Amino acid sequence: MSSIDLIVGPIHPALHEPERFVFKIDGEIVVDVEPRLGYVHRGIEKALSERTYIKDIYLVERVCGICNVAHTLTAAQAIEQAFGVEVPRRSKYLRTIVHELNRLHSHLLILGVVCELIGFDTLFMLFWRDREVIMDLIEMITGNRVMSAYNIIGGVRRNIGDFEVTQIKGVLSSLAKRVKQYKKVFMDDPTIRARCAGVGYLSRAKALALGAVGPTARGSGLELDVRVDEPYAAYDEVKYCAVIYNDGDVWARLMVRLDELLASMEVINECLDKMPSGPIRVPVPEAAPQSAEGVSVIEAPRGELIHHVYTKRDDDKPFRYRIRTPTYANIPAVCEMLKGCYIADIPAILASIDPCFSCTDRAALIDTNSGEKRIIDILSLARRSKK
Amino acid sequence: MVNDHLEVIDSLGNELKEGLLDVRYLPEKRALLVLVDKALIFKAIEALNKISGGEMHLTTISGADLGEDYIELTYFLWLLPQRLRVIVKTKLSKDDLRVQSIVNIAPATVLYEREVYEMLGVIFEGHPKLERLFLPEDWPQNMYPLRRR
Amino acid sequence: MRLPSLIREVWANLLKKPATVKYPFEKLPLSKTYRGKHELMRDRCVGCGLCAKICPAFAITMRSVYGKVSPEVDLAKCIFCYQCEDVCPRGAIKRGKEYELASWSRNEMIVR
Ligand code: SF4
Ligand code: SF4
């Protein structure tokens, strides 16, 4: 049997890890997948241990632009744990609010992208229009649309007042109505059902064994949500229930994100109501007061994110810094999902784990029989798949 | 719920006997720290898998060269039924950087073990495909970027 | 036939203003906290060099002009975190509102 290699990548979808996927295809069906990572390995882990802690916060922010708040929050928590610093309660609430706003914009982004890839451009435009109001809120609180530079070791950098609180509440209440409307569309629109339901199936057992995290795991019925399991920041004081869907397909993973939008808005509202007054920042020594180890696990928009730092006494640089990003953990799972799917479904399945689509994607089609090689990008692959 | 970690400590002690070098609960990390001999790492993970009834989620493996004559491997696990974070640590001397791969228990490690291999030179025995993951193909052999000398 | 669920959206959008603005002619309002181009107040600066030491992007160099040492910010390197503003003991660095920073030459990217 002659199978054909379909190479998608190398400059492909993920966060700080654009990948190349080599698909072995038989006719229209994918039989095997081989990922190749590391095209933009920037050596951040090494660079982190050569900069001071304050600079590190800004460097981890650049691991991934979309979930930058998640990275700074994790780094700040890990370093605070190693330093033995306790941050003020108000800053924990502020961190939670910005972290959830970050999740809102990230989820709206990927929902829009998936809609575009399955050929529903109207919904893509609507999602992205609604994302814009969240970006404005983030700019209002932190001073920049994307790179928030908000969390810092020992607390947060800016405070919010009554004006901001009413603004956030107003925006969220109108957004919640719209998200409910979109949820209805997702539930019964025939186009979305046809392209997403039953596509890219991942069973619960496989998700667990392959270490899937975040909405990918929760879409397969796996009860993994760090906000519930190991509450950090203010999550131990607010009500939050993990969103679980049992279908395990692309549709379930998108529905998890839609429901999480609503849940996140509730968390933000509750935080705004409960937020105590007080200081937002405590002074932190520049050099580590002790040789210790800090571990921080949080639920980033794409799933469980872990930072692991070793500090050395009287040194202002971390000794070893290790980051495990959520998309990295989802790679084995997405390879499993792709087996047995149609070529036309590849973009939707890849996008359903929410890798970062910030890079322009390229794919090479190599026909092993004729040796012919064509290079196309993933958007035209998506366009072909719509025909 | 609250005392689940005590049960885990007991069962681990029964399974591993003297290979278990240290085990204690770290309240500030809300995690159970397990220190084992490197020969027993496979058994320790297997035992934890059994304790959780197969409901074990492997978060990551992180390797660190702390400038001493050993390399520290840290396995982060999450036990679903016990809702407990377990951190398993082991030390490999730099003269003999071989350790048994745990791919058979937790297929999720397949990429993490490759990363530790290329960054620190730890050889995982029994790994189906121990190759470079992130580094370019023309990176020199026996150069490990995260090693300290 | 069942009406598509987005039909209400279509009607609403026919009557609404567009969500976009015609950028070079029309600009969106900036928030109060916006982090744009730096404003350096040389008369306040005491030349302590703390800002150059803390800058995560290595964008600040201390230059001496007529015997007075003061910072220079290279906007091509700057990541607009404003850690320099936080650390300055004299309040000599201020957040500006300017965000159209493209330029033909590297020299113009330096705020003195
Ligand atoms: S804003 Fe940040 S990057 Fe720019 S000069 Fe100041 S400290 Fe450096
Ligand atoms: S920190 Fe402030 S006072 Fe010191 S050199 Fe920089 S601008 Fe001048």
**Study point:** Percent carbon-and-sulfur accessible area, chain A, ignoring ligands, DNA and RNA, probe 1.4 Å
**Key:** 53
Check your understanding: Cross-link partners among lysines for A:Lys274, C-alpha distance below 22 Å, same-chain residues fewer than 8 apart left out?
Key -> A:Lys92, A:Lys169, A:Lys239
Practice item. Starting with the highest mean, order B:57-68, A:92-103, B:83-94 by the number of other Cβ atoms within 10 Å, averaged over the residues of each peptide. Key: A:92-103, B:57-68, B:83-94
Review point. What does the accessible area per residue of chain C come to in Å², with a 1.4 Å probe and no ligands, DNA or RNA counted?
Key: 71
Practice item. Quick one: of C:Lys32/C:Lys94; C:Lys22/C:Lys97; A:Lys46/B:Lys94; A:Lys177/C:Lys22; A:Lys177/C:Lys27, which pairs are farther than 23 Å apart, Cα to Cα? Key: A:Lys177/C:Lys22; A:Lys177/C:Lys27
Check your understanding: Just counting partner chain Cβ atoms within 10 Å, what average do the residues of peptide B:79-88 show around their Cβ?
Key -> 2
Practice item. Could you work out the mean projected area of the convex hull around the alpha carbons of chain C, in square nanometres to one decimal? Key: 11.5
Revision key, fill the gap. Mean per-residue count of partner chain Cβ within 10 Å for A:137-144 equals 5
Study note, to complete from the structure: Which of A:Val226, A:Val113, A:Val238 fluctuates most in a GNM of chain A (C-alpha springs under 10 Å)? That residue is A:Val238
Point to revise | Packing-based ranking, highest mean first, of B:99-105, C:17-23, A:29-35 given that Cβ atoms within 10 Å are counted | key: B:99-105, A:29-35, C:17-23
Check your understanding: Rounded to the nearest 100 Å², what is the sum over both chains of accessible area buried where A meets C, with a probe of 1.4 Å?
Key -> 2300
Point to revise | the protein assembly as shown, Cα convex hull volume normalised per residue, Å³ | key: 188
Practice item. Can you send over the solvent-accessible area of B:Tyr117, 1.4 Å probe, protein chains only, in Å² to the nearest 10? Key: 50
Check your understanding: Semi-axes of the equivalent ellipsoid of the stretch A:15-120: what are they in whole Å, largest first, if each equals the square root of 5 times a C-alpha gyration tensor eigenvalue?
Key -> 35, 21, 10
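What average count of beta carbons from other chains do you get within 10 Å of the Cβ of residues in B:61-67?
The per-residue average across the peptide is 5.
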Point to revise | For chain A, the fraction of alpha-carbon pairs in successive 10 Å shells from zero, as % | key: 5, 24, 32, 24, 12, 3, 0, 0
Practice item. Give the calculated FRET efficiency between C:Val87 and A:Thr166 to the nearest 0.05, with a Förster radius of 45 Å applied to their Cβ-Cβ distance. Key: 0.90
Exercise for review: Starting from the Cα of A:Lys339, draw a straight line to each of the lysines and keep only those under 28 Å, dropping any in the same chain fewer than 8 residues away.
Suggested key: A:Lys24, A:Lys206, A:Lys373, A:Lys386, A:Lys387, B:Lys129
Revision key, fill the gap. Here D for chain B, in µm²/s, from Stokes-Einstein with a Kirkwood Rh over Cα pairs at 25 °C and 0.890 mPa s, works out to 154
Revision key, fill the gap. On protein heavy atoms with a 1.4 Å probe, the accessible surface that disappears when B meets A, both sides summed and given to 100 Å², is 3500
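The values are calculated or read from the model by the stated rules, or taken from the named source; none is laboratory data. Quick caveat, the model's predicted, so the values are computed rather than measured. FYI the Cβ positions are ideal-geometry reconstructions off the backbone, even for glycines, and counts take in every protein chain you see. Side chains included, ligands, DNA and RNA excluded: accessible areas come from the protein's heavy atoms. Shrake-Rupley method; radii C 1.70, N 1.55, O 1.52, S 1.80 Å.
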